[in-house]
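Encoded as structure tokens, the structure appears first; notes follow it.
Taken together, the values in this text are just the output of simple stated rules run on the coordinates, not laboratory data. Source: prediction; values computed, not measured. Note: ideal-geometry Cβ built from the backbone for every residue, glycine included; neighbour counts use all protein chains shown.
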Amino acid sequence: MRITCRALVSLISCLLGLVLIVCACSGETGDADASSDATDSAVSSTTLATTTTTTLPPATWEDITPDGDPPGASFGASFTPAPTIGSLLLFGGWAGGTSYANTVFSYDPATNTWSDLTPTGVAPAPRAAHASAYDPATDRMIIFGGYDGTSYYNDTWAFDIAAKTWANLHPSGSVPASRGGHSFVYDPASKTMILFGGWNGRTEYNDTWAYDLAENTWTNLRPSGRAPAARDSQAMAYDAENKVIILFGGWSATKEYDDTWAYDPAANTWVELNPAGESPTARAHQQMVYDPTVEKTVLFGGGRSTTVFNDTWNYDFASNSWTPVTLTGDAPSARTGYALAYYAADRKVLLFGGSNGIDFYSDIWTLYR
């Protein structure tokens, strides 16, 4: 059965579950025809090379202290690049474990400054465990779903970065079911946002959807072959070098995962990668971003059972291998539910907030190579 509040007390004082905690829950799955219980047939045209992994120099996490008007400590917020204004946008979150937010803050790495954007007009309901992605064609942040302590959402919103206004998009046709703990990344080839998984308090999903902002429509992609098992709170990132989406971990009603998958948008197929050698242990509520500086996907932290992590890993698609990152100096404290983004202008990874189950954080860290 799903991890219970009693088990979570040790991990996150019954807070890590956020959208996922329903102490008496079913193990139902969404889109079961695509579940990982299918046979191990080839599911992708993706070719994995067997090259030797390059040894990278040590990396450094730096705890930075921004100026301006910072957001409060939170869990389950989203961090989205806004390159036209040279910033990253932080939306929503579970504020200090007491209330849900729908604020939009802008962090400017060049000036190391936070600003409360205070958008005009109607905004999405306060929430956490939603997902967001940046649309470069329209310079808008798109968000989908989430949880407010009572309800799960399946609404789709766009934040116009220049105008600082929200629009409820009301897509035509079918839309994904209400959920939280799903993943959502932008695919530049198809100019769509790809969504996977999530949980609605009763059902775990393993469906894969594409949102087309130009058409304002969602499409259930129904990938051929085998897909990851239904789950939520996994990490997912777009690998720009190899044009695939990498997924790691998460949890479900029955287990925590340490598997690594790739979704090929061009072929509409998932493939389980089964990396050689050491991998991160099973976990949920971690995040990943692709770092083009080293052509690796970067993972930090997360939690499982009674453990919260602060380890940093690289995944190399070319060699199909995970490598723990050698660090100089301190790393962020162990945490889950933080927000993570890659800032292209400075070629660095930025991390905000999260919780270790007792404390909620509002600190911001940057990873230098």
Compactness summary of segment 5-368: radius of gyration and Dmax from Cα atoms, Å, are 18.7, 54
Exposure proxy check on 256, 295, 241: fewest-to-most Cβ neighbours within 10 Å is 241, 295, 256
Once Lys and Arg are counted +1 and Asp and Glu -1 for all other residues with Cβ under 14 Å from that of residue 258, the total becomes -1
Here the residues of segment 102-146 lying in the modelled label zone of residue 67, meaning backbone nitrogen under 16 Å from a point 7 Å along Cα-to-Cβ, are 107-116
Expected unfolding gain across residue 243-residue 215 under the 0.36 nm per residue rule, minus the alpha-carbon gap, is 7.8 nm
Any residue on another chain or 5+ positions along whose placed amide H is under 5 Å from the amide H of residue 59 is listed here as 326, 327, 328
Of all lysine pairs in segment 5-368 that are eight or more residues apart or on different chains, those with Cα atoms under 25 Å apart total 7
A chain fully extended from residue 138 to residue 359 at 0.36 nm per residue, minus the present Cα-Cα distance, gains in nm 75.8 nm
Rounded to 0.05, the calculated FRET efficiency for the beta carbons of residue 305 and residue 330 at R₀ = 30 Å is 0.75
Listed residues 137, 240, 129; largest mean-square fluctuation, Gaussian network over the chain with Cα springs below 10 Å, found at 137
Among segment 160-184, those whose backbone N falls under 16 Å of a label point 7 Å along Cα→Cβ from residue 110 are 162
The relative contact order of segment 5-368, taking Cα pairs under 8 Å that sit 6 or more residues apart, comes to a percentage of 20
Rounded to the nearest 0.05, FRET efficiency between residue 295 and residue 345 (Cβ-Cβ, R0 30 Å) equals 0.95
If 115, 233, 132 are placed from fewest to most neighbouring beta carbons inside 10 Å, the sequence is 115, 132, 233
Taking a crude spin-label model, label points 7 Å out from Cα along the C-beta direction, the residue 369 to residue 254 distance in nm is 3.9
